[in-house]
Amino acid sequence: MHDGVTTYELLQFLHVFLFVFWLGPDVAVYVWSRKTVEAVASVEQRIVAGQMMALVDFIPRAAISLMLTVGGLLSEYVGLEHPWWQMAGIILLGPVWLSLVLVGIVRDRTPFGATAQKLESWLRGVLIVAVPLSVAYSTITGRLAIAPYVGAKLLLFAAILLFGHLLRGRLAPLRQGLVDLAAGRSLPAVDEAMRRSLASSRSYTVAIWAAILVAAFMGVLKPGVPAGGLPDSTILRFDQSLGAPNN
């Protein structure tokens, strides 16, 4: 028993919160994207749908940017201790990544905003490579033996980032088509390019959703955890190290 909310419980809540605000709005973005290519919709309706896509897309992007930080802190509770420099990087990653997302959106179409967007894209690229390498090293050294599902979830996260990068590439003609529509260039060729762009991106969208759901499922079942599970002393130790109330 304990009084108040422990750090562990707070991180668990944040983890679920980020999952909900990642997947839910991401589905909404897809629904709005379909509206942008509807033949029966007016040009004005399609432009508004594109604006809603960009607006709602901020929510899952913000959730993604904080996932590794929250997940990294939670991994301490399953016995995956990090050296101080690695923990510092985990803690800083979320705020830095989120700041790049915010600046890229708020200062869109400005040199400052363009720089933030490029830096975020570069950061995603680094993580696509760095996360699998880190998982491979931790697996080889036996560091993940106590919680192998954590490594699997990290690999899924890297795959999601890769799918997202490929998805953005496929959606480039759709975004350009929305710019053309806003500029009054509503042509059959533009409409066809937008429809083909959305159709070609659908497989990556589904792959992202599937990977998110599998990661959530693994987080609940925790496959591969040794018999006996997580010792209560591990949670108690980390909570006390952060000053959380326990008794």
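When all alpha carbon pairs of the range 7-241 are counted in 10 Å bins from zero, the resulting P(r) reads 7, 29, 32, 18, 10, 4, 0 %. Considering only 140, 201, 85, the residue lying farthest towards the positive end of the dipole of the chain is 201, judged by Cα position with unit charges set on Cβ.
Here the Karplus relation 6.51 cos²θ - 1.76 cosθ + 1.60, evaluated at θ = phi - 60°, turns the backbone of the range 123-135 into coupling constants of 4, 4, x, 4, 5, 4, 8, 5, 4, x, 5, 5, 5 Hz, with x for every Gly and Pro.
Since only 122, 40, 94 are under comparison, the one whose Cα sits farthest along the positive direction of the charge dipole of the range 7-241, derived from C-beta charges on Lys, Arg, Asp and Glu, is 40. Subtracting the Cα-Cα distance of residue 84 and residue 185 from 0.36 nm times their residue separation leaves 30.8 nm of extension gain.
Placing +1 on the Cβ of every Lys and Arg and -1 on the Cβ of every Asp and Glu, with no other charges, gives the chain a dipole of roughly 820 debye about its Cα centre. Note on the range 7-241: dipole from Cβ charges, positive end direction compared against 51, 17, 214; the farthest Cα belongs to 51. Here each label is just a point 7 Å from Cα along the line to Cβ, and for residue 221 and residue 110 those points are 4.8 nm apart. Approximating the spin labels as points 7 Å out from Cα along Cα→Cβ, the residue 35-to-residue 146 distance works out to 4.9 nm. Listed from fewest to most Cβ neighbours within 10 Å, the set 121, 197 follows the order 121, 197.
Since every read-out is calculated from the coordinates, none of them should be taken as a lab result. What you are looking at is a predicted structure, and each value in this text was computed from that prediction instead of being measured. Cβ coordinates were reconstructed from backbone atoms using ideal geometry, including for glycine residues, and neighbour counts include every protein chain displayed.
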